[in-house]
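Structure first, commentary second.
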Amino acid sequence: GFQNAARGYLGKDAMDMNVAEAALLTAILNVPARYDPFRYPDRARARRNLVLERMATEGYLTSAEATRWKAFPLPESEPVSDVTRIAPYFEEWVRQILDDRFGSEIYSGGFRVYTTLDFEVQSAARAAMEVGWNDIEADDRFKHPIFADFDTVAEFPGSTPYLQGAFIALDPETGHVKAMIGGRDYQQSKFDRARLAQRQAGSAFKPFVYTSAINTGIPASYVLEDNAVVYPQLQGEDWRPSNFGNEFQGPMTIREGLYTSTNMIAIKLGWEEVGIETVAQTAQRMGIRTSIERYPSTTIGAAEVIPLQLAEAYSAFPNMGTKVRPFPILRVEDDAGRVVWEPQPERTVVLDSLPTRIVVDMLQDVVRRGTAWTAVRVRAGLPYAVPAAGKTGTTNDGTDVWFSGFTPNLLATLWFGMDNPQPIFDLDSRTVATGGALAAPVWGAFMRRVYAGVEGDEENGVEEALPLLATPEDWPMPEGLNALLVDRKTGQLASRWCPEEDQYMEYYIPGTEPTELCDRSNRRFRFPRVRGGGN
């Protein structure tokens, strides 16, 4: 970070500076106005020389090096951009990790730190999030203060009054974090929402319910009734959950329950069929380390999660059962170029591959025909050639909105909400904020930039940008799964006695397949009368 800052002022001439020298120059050039090198060059030069002499006295520089840097000219013009601000929350995360491992030596040891951050991926994430923030604030239903109203505020002592968000993108194979955004303005709020904020997951938690079910042998064609339920609570009151649209659809497969994000199906599946203890243990095994209470409401996301941990848990899906711990550092070298630390990916098998592949196919349905289809494929324009899966998330009254999704080689999780939890949109508008409408389009726009690039538009001043990643192949269906044509209303084997338009191909772990033929006709079987005989 220090070396990048020095290069921001001096360009390539700063390439051969070590970290201590770069830190020195950065400190000199980031001082109160009375030492501004562009307004008071003599003061800045005197301050620099004083620090150089002290560094030579303390042995951090030789006399020759101090003399060399005293003669180095100060910059004559201000930098066009602050290169250290591309990912300030990420940088602080790296600094904390290094401080824990090396202590004060990180400031004096001349270390070179190589991180996982991808500048272009980070820029794409930031651009997508900015559009998302601006679109939400421009909505007539948004009644909170807007970010632009506080451009003169140096720093908030606590929470911010405007809309916030978090974003994490990582390589699901290695856990290398390619982009991370912990808030809108690091100077105003250094609280890292990506790593530290605990927010209700809403429907983004449901994949853990469905994973638990498939893992215990319940097939994706299993049918549950979407109707009203009442559960008594410890406080003596009844909990009467509802679907998003307050309507019930009757019988449906759990596959359809997931891609339509039907609350009643998730509640019945997690609380009555699988058991909440199994659901909680599945989520924890996959990477959720916040508290998961054993209540019926947990099945639809009442538990609070941390965005980075949700991304870690979702990494088990594209990896077919192996989760990976997100991490920001590739290696650390000393001032002689020797590697002093090279952390390896922390991978853990948490699920069997066959049930995981079925869940991934169910999550692909969310993008193919479910709550994220319009946002990702239509509004954002992510090409259909890019295999994509994920889950939208919306909490009570639209307080938190999420999308966590993945391709075979990139995973991204994002969240929008207020620091002090409250509905994003005015409840008098009768339409709450949703993950499908607000978060999923941002995820889709980010992925479109990564895989499709940007077409040039000279008239509007848009420069062409090439894709950042090659379009990956879809996940293959592993040997061992059985594919059968079934009826979506009954979950039974397709037959001529059920409508052809309700037939679809389902995948089964051996031994979980349906055995009965579907029959939704009004046929009545009559047995012929036996003639003859007597009393």
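The values are calculated or read from the model by the stated rules, or taken from the named source; none is laboratory data. Everything quoted here is computed from the prediction, not taken from an experiment. Every residue, glycine as well, gets a Cβ built from its backbone with ideal geometry; the counts of neighbours run over all protein chains shown. Remember, those area values only see protein heavy atoms, side chains included, never the ligands or the DNA or RNA. Shrake-Rupley method; radii C 1.70, N 1.55, O 1.52, S 1.80 Å.
In plain terms, the chain from Glu58 to Asp502 could stretch by 151.9 nm, reckoned as 0.36 nm per residue minus the Cα-Cα distance. Over all Cα atoms in region 305-412, the spread is summed up by Rg and Dmax: 17.2, 56 Å.
One quarter of the surface of the convex hull around the alpha-carbon atoms of region 444-488 equals 6.1 nm², the direction-averaged projected area. Using only the C-alpha atoms, the convex hull of the chain corresponds to 209 Å³ per residue. Within the straight-line cut-off of under 26 Å between alpha carbons, the lysines reachable from Lys489 are Lys206, Lys268, Lys391, sequence neighbours fewer than 8 places apart in one chain being disregarded. Evaluate E = 1/(1 + (r/R0)^6) for Leu196 and Tyr107, where r is the Cβ-Cβ distance and R0 equals 25 Å; express this FRET efficiency to the nearest 0.05. About 0.55, to the nearest 0.05. Just the Cα atoms of region 409-468, one point each, no solvent: what log10 I(q)/I(0) does Debye give at q = 0.21, 0.25, 0.28 Å⁻¹? Values returned for q = 0.21, 0.25, 0.28 Å⁻¹ are -0.87, -1.02, -1.15. Considering region 206-320 at the alpha-carbon level, its Rg and Dmax are found to be 13.9, 43 Å. Normalising the average separation of contacting C-alpha pairs (under 8 angstrom, six or more residues apart) by the number of residues puts the relative contact order of the chain at 14 percent. Counting only protein heavy atoms, what percent of the accessible surface of the chain is carbon or sulfur at a 1.4 Å probe? Ligands and nucleic acids excluded, carbon and sulfur reach 48 percent.
For Lys323, the aspartates and glutamates whose Cα falls under 16 Å of its own Cα, not counting residues fewer than eight places away in the same chain, are Asp171, Glu173, Glu312, Glu346, Asp352.
Computed from the alpha carbon atoms alone, the convex hull of region 83-239 holds 256 Å³ per residue. For region 411-490, applying the loop criterion from DSSP together with a ceiling of 10 other beta carbons within 10 Å to the trypsin sites (Lys or Arg not before Pro) yields Arg430.
Two numbers describe the Cα atoms of region 299-365: Rg and Dmax, which are 16.6, 54 Å. Spin-label model, Asn396/Asp135: points 7 Å from Cα along the beta carbon direction are separated by 2.8 nm.
Between Leu330 and Asp42, the FRET efficiency from the beta-carbon distance, with R0 = 56 Å, is close to 0.85.
Using only Cα positions of region 221-287, each an equal point scatterer, no hydration layer, compute I(q)/I(0) via Debye at q = 0.25, 0.28, 0.29 Å⁻¹ and quote the log10 values to two decimals. Once normalised to I(0) and log-transformed, intensities are -1.13, -1.21, -1.24. Among the chymotrypsin sites (Phe, Trp or Tyr not before Pro) found in region 358-429, those both in a DSSP coil and sparsely packed, with 10 or fewer other Cβ atoms within 10 Å of their Cβ, are Tyr384. Computed on region 329-374, with alpha-carbon pairs under 8 angstrom and 6+ residues apart, the relative contact order is 20 percent. Within the chain, the longest run free of exposed loop sites, counting GluC sites (Glu not before Pro) that sit outside DSSP helix and strand states (H, G, I, E, B) and have at most 14 other Cβ atoms within 10 Å, spans 347-454.
The Trp341 and Asp457 beta-carbon pair, evaluated with R₀ = 51 Å, returns a calculated FRET efficiency of approximately 0.70.
Normalised by residue number, the volume inside the convex hull of the Cα atoms of region 171-210 is 107 Å³ per residue.
Using the Stokes-Einstein relation with a Kirkwood hydrodynamic radius computed over Cα pairs, the translational diffusion coefficient of region 356-487 at 10 °C and a viscosity of 1.306 mPa s comes to 97 µm²/s.
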